[in-house]
Amino acid sequence: MTIFLAVFLLQTGNAFSQDPHFSQYFVSPLTLNPAYTGKFNGTFRFSGNFKKQWPTINNAFTTSTVSYDFSILNNKLPENDTWGLGFLAVNDQSGNKILNNNFYSVSTAYSKSLDDDGKNQITIGFQGTMASKRLDVRRADFQDELTALGFTGVTSEVFGNNPFAINYFDLNTGFMYALSTDGDNSFYLGASIYHVNRPSESFMGGYYQLNARSTIHGGAYLPMGENKSLHASFIHQQQGGASETLAGASFAYNLSYDENNPIQLYAGGWYRMGDALIPYLGMEVNGFRFGFSYDINHSTLRPASVSRGGTELSIIYIGKYKDPLRKKINCPKF
């Protein structure tokens with residue numbers, strides 16, 4: 001089978017189509033759940049992610065994101081309620097850039113307090129996305145290019161209208177519940193559905209509806225003394241016949257012993273069931289948090305991947321409130 005057909009089936013086949021995903025899903029809030037929009041303590045949040053998956057398989061997948069979200073109408077809402085607005089851009093490339101996907105999203109979410117002190121909150125969010133996909137078979141190699149005389153680089157395959165391109169609108173939604181028992185810890189549970197409208201996508205005139213992606217996720221933030229804390233989380237998501245489950249935790253150690261301007265070191269790991277062990281290291285300084293993780297693959301793909309699942313980098317920054325005495329909202333801490 002040609003490389004072109006393999007990539008095509010993996011990306012647009014009814015049984016195999018999957019969205020881009022991150023091992024550090026906990027620092028990619030707007031690709032995980034629209035309900036995360038504006039759900040943080042600060043004036044704004046910037047986040048970025050980059051992942052290179054299965055590097056030994058000729059740049060199989062590279063994915064990058066950038067997002068920006070903030071709260072609005074803070075002086076007109078009830079004290080413990082928040083309303084968020086956010087923007088997200090995602091680029092996903094497959095098969096050494098044969099398939100290039102771009103997604104541009106706008107999201108909004110409203111958090112409603114269920115009690116007077118804001119320790120119990122529910123949030124609902126929505127996200128609209130414009131998708132643009134481009135398939136360039138000129139970058140592909142075909143079976144007939146390999147002859148008895150060696151690799152010729154010449155194929156008899158002919159495709160009209162190359163490169164192929166499609167565009168469509170997508171709709172996503174999500175829900176989250178957050179609980180704090182003492183004002184310092186945080187527990188949360190959320191669910192999201194992407195591709196609610198199941199848009200049609202096909203490069204060659206057929207009709208294929210994109211499978212919805214459903215996600216359940218949750219976690220906890222637990223202070224453990226004066227300068228230590230535990231961050232634990234899990235995610236299970238399914239799209240068509242594909243599914244994945246990750247769970248893990250990291251410990252944070254505050255090197256500066258300063259709660260308002262901490263210098264924190266994070267160390268831990270996550271496990272993708274039946275696929276990979278994911279060690280994680282992070283550092284937080286001056287409001288910036290940098291993260292690094294590495295997928296150590298042990299699945300049936302191991303002979304091809306040489307146990308190298310992929311490298312992932314993340315950055316997240318939350319702008320501080322100008323008023324240091326401003327009351328904090330109950331929100332997930334990653």
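The values are calculated or read from the model by the stated rules, or taken from the named source; none is laboratory data. Everything quoted here is computed from the prediction, not taken from an experiment. Ideal geometry is used to build each Cβ from the backbone, glycine not excepted, and the neighbour counts take in all protein chains shown.
In the set (1) in contact with a helix residue (DSSP H, G or I) (Cβ under 6 Å, 6 or more places away or on another chain); (2) over 24 Å from ALA191 (Cα atoms), SER107 fails one condition alone, (2).
For the range 281-293, the criterion of being in a strand (DSSP E or B), modelled with pLDDT under 90 and either within 19 Å of TYR25 (Cβ to Cβ) or among the hydroxyl-bearing types (Ser, Thr, Tyr) (or both) is satisfied by no residue at all. With the structure loaded, tell me whether LYS119 is more than 30 Å from ILE72 (Cα to Cα), surrounded by 15 or more Cβ atoms within 10 Å (Cβ to Cβ) and either basic (Lys, Arg) or at pLDDT below 90 (or both) or whether it fails that test. Criteria not met by LYS119. Evaluating PRO223 against the criteria (1) surrounded by 15 or more Cβ atoms within 10 Å (Cβ to Cβ); (2) modelled with pLDDT of 95 or more leaves one unmet condition, (2). Looking only at residues in the range 195-237 that are of a type in the set (D, E, K, R) and outside any loop (DSSP other than H, G, I, E, B), the one that is nearest to the chain's Cα centre (by Cα) is ARG213.
Only a single item in (1) in a strand (DSSP E or B); (2) surrounded by fewer than 19 Cβ atoms within 10 Å (Cβ to Cβ) is not met by VAL90, and it is number (2).
Of all residue pairs spaced 6 or more apart or on separate chains, none has beta-carbon atoms under 7 Å together with a first member in the range 49-71 that is within 16 Å of THR108 (Cα to Cα) and at pLDDT below 90 and a second member that is surrounded by fewer than 19 Cβ atoms within 10 Å (Cβ to Cβ) and among the small types (Gly, Ala, Ser). The set of residues in the range 62-81 being part of a loop (DSSP other than H, G, I, E, B) and surrounded by fewer than 19 Cβ atoms within 10 Å (Cβ to Cβ) consists of ILE72, LEU73, ASN74, ASN75, LYS76, LEU77, PRO78, GLU79, ASP81. When restricted to residues that are small (Gly, Ala, Ser) and over 17 Å from ALA131 (Cβ atoms), the range 65-98 contains 4. Based on what the data block shows, is ARG198 within 30 Å of ASN297 (Cα to Cα) and among the basic types (Lys, Arg)? The answer is no for ARG198. Take the residues in the range 262-272 that are within 18 Å of THR311 (Cα to Cα) and in contact with an Asp or Glu (Cβ under 9 Å, 6 or more places away or on another chain); name whichever of them is surrounded by the fewest Cβ atoms within 10 Å (Cβ to Cβ). Checked the range 262-272; the qualifying residue surrounded by the fewest Cβ atoms within 10 Å (Cβ to Cβ) is TYR266. Residue under question is GLY248, and the condition is that it be at pLDDT 95 or above and either crowded, with 17+ Cβ neighbours inside 10 Å or over 17 Å from the mean Cα position of the chain (by Cα) (or both); does it hold? Yes; evaluated as a whole, the condition is true for this residue.
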